[in-house]
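Data first, discussion second: the structure below is written as structure tokens.
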Amino acid sequence: VGGVTATVSPISMPGGGTSTRARPCSDVNPGYSGSLLLKCSFGTLSTDTTACVPKCLTTQTLSLTVGGTSAPVAPTADLASGSSEARACAEVTPGYAGEFRLACAAGALEVVT
């Protein structure tokens with residue numbers, strides 16, 4: 001996942017036939033969200049990591065301008081892809097009301113106003 005290799009085992013899988021179990025992508029790479037699928041088909045184990053997507057990390061910043069003042073902003077906690085957090089405009093420029101949202105799209109940090 002994201003260039004990281006790890007050993008992941010299913011918690012339990014019924015015997016015989018085909019069964020599938022989901023595990024968090026973060027079990028392999030903490031910088032990823034979503035679920036990877038472990039599939040056992042007649043004794044052969046395979047993985048599907050297509051639903052694993054990068055998170056936006058607290059170390060990522062972007063520059064935001066509010067009222068002519070620019071400042072770097074970063075998420076207060078890691079954001080899963082597709083999630084967002086509300087922030088006060090006053091964090092960038094004191095005295096300004098309202099809020100903006102930091103959103104994460106497949107590891108890319110965006111500002112939504």
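Output the residues belonging to region 1-28 that are assigned to a strand (DSSP E or B) and either at pLDDT below 80 or over 19 Å from the mean Cα position of the chain (by Cα) (or both). Correct list: Thr18, Ser19, Thr20, Arg21. Output the residues belonging to region 46-86 that are touching a residue at least 24 places away in the same chain (Cβ under 8 Å), out of contact with any Ser or Thr (no Cβ under 9 Å at 6 or more places or on another chain) and among the aliphatic types (A, V, I, L, M). Result: Leu57, Leu62.
Residues are listed down the side, and each one gets a yes or a no for (1) charged (D, E, K, R); (2) surrounded by fewer than 16 Cβ atoms within 10 Å (Cβ to Cβ); (3) touching a Phe, Trp or Tyr at 6+ places or on another chain (Cβ under 8 Å); (4) part of a strand (DSSP E or B):
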{"residue": "Pro30", "(1), (2), (3), (4)": "no, yes, no, no"}
{"residue": "Leu38", "(1), (2), (3), (4)": "no, no, no, yes"}
{"residue": "Leu45", "(1), (2), (3), (4)": "no, yes, no, yes"}
{"residue": "Ala51", "(1), (2), (3), (4)": "no, yes, no, no"}
{"residue": "Thr58", "(1), (2), (3), (4)": "no, yes, no, no"}
{"residue": "Thr65", "(1), (2), (3), (4)": "no, yes, no, yes"}
{"residue": "Ala71", "(1), (2), (3), (4)": "no, yes, no, yes"}
{"residue": "Pro75", "(1), (2), (3), (4)": "no, no, no, no"}
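For region 83-101, a residue qualifies if it is in contact with a strand residue (DSSP E or B) (Cβ under 7 Å, 6 or more places away or on another chain) and among the small types (Gly, Ala, Ser), and the qualifying residues are Ser83, Ser84, Ala86, Ala88. Taking the criterion of being open to solvent by 30 Å² or more (accessible area, probe 1.4 Å), touching a residue at least 40 places away in the same chain (Cβ under 8 Å) and assigned to a strand (DSSP E or B), the only residue of region 87-108 that qualifies is Ala108.
The values are calculated or read from the model by the stated rules, or taken from the named source; none is laboratory data. Just so you know, these numbers come straight off a predicted model, no measurement behind them. So basically every Cβ, Gly included, is an ideal-geometry build from the backbone, and we count neighbours across all protein chains shown. The area values use the complete protein model at the heavy-atom level, side chains included, leaving out ligands, DNA and RNA. Shrake-Rupley method; radii C 1.70, N 1.55, O 1.52, S 1.80 Å.
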